[in-house]
1. State the number of residues belonging to the range 115-150 that are closer than 16 Å to residue 91 by Cβ and in a strand (DSSP E or B).
2. Sort through 147, 165, 171 and tell me the only one that's touching a residue at least 12 places away in the same chain (Cβ under 8 Å), under 17 Å from the mean Cα position of the chain (by Cα) and either surrounded by 17 or more Cβ atoms within 10 Å (Cβ to Cβ) or at negative phi (or both).
3. From the list 99, 92, which residue is under 20 Å from residue 68 (Cβ atoms) and in contact with a strand residue (DSSP E or B) (Cβ under 8 Å, 6 or more places away or on another chain)?
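The values are calculated or read from the model by the stated rules, or taken from the named source; none is laboratory data. Just so we're clear, the structure is a prediction, and the values are computed from it rather than from any experiment. Ideal geometry is used to build each Cβ from the backbone, glycine not excepted, and the neighbour counts take in all protein chains shown.
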């Protein structure tokens, strides 16, 4: 093969590799440093509640009355900017996970509960990662009354690189 043929072949191979790389989506980058997390707890005996620390720029959290339960709101900030939030609503046993910034990163939330002397993992939840301003995933669980609900937020899939954790409770057993 001539030098020009080898050169043309090399250029073709480089163009193909570039097209493959251009079409591939880059994996989400981890925050560095991790976002700061502010955690708020609400005794839902005193709800319905809203306002105060429940007010945020996205949907202003509202917790319903649920006797003996403890609701949780976790806000994530990076460089002083709101990047997400996680909420546990004991009244309807739902976990709300928001990604509020299109920055190519996400976070991963594990949830589980302790009841009857054992721990039950409910898996990992992450927002869908669309191009919307706010990505939201809501999961509805069947958590026993009086169970301790453990929520951990991680920077990486796996999950790894813990950002923070909190514990809520379902309603007290009557």
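1. Counting residues in the range 115-150 that are closer than 16 Å to residue 91 by Cβ and in a strand (DSSP E or B) gives 4.
2. On the way: 147 fails: under 17 Å from the mean Cα position of the chain (by Cα); 171 fails: under 17 Å from the mean Cα position of the chain (by Cα).
Just one listed residue meets the conditions, 165.
3. 92
A quick yes/no check of all residues on (1) farther than 18 Å from residue 170 by Cβ; (2) at pLDDT 95 or above:
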site	(1), (2)
83	yes, no
88	no, yes
102	yes, no
124	yes, yes
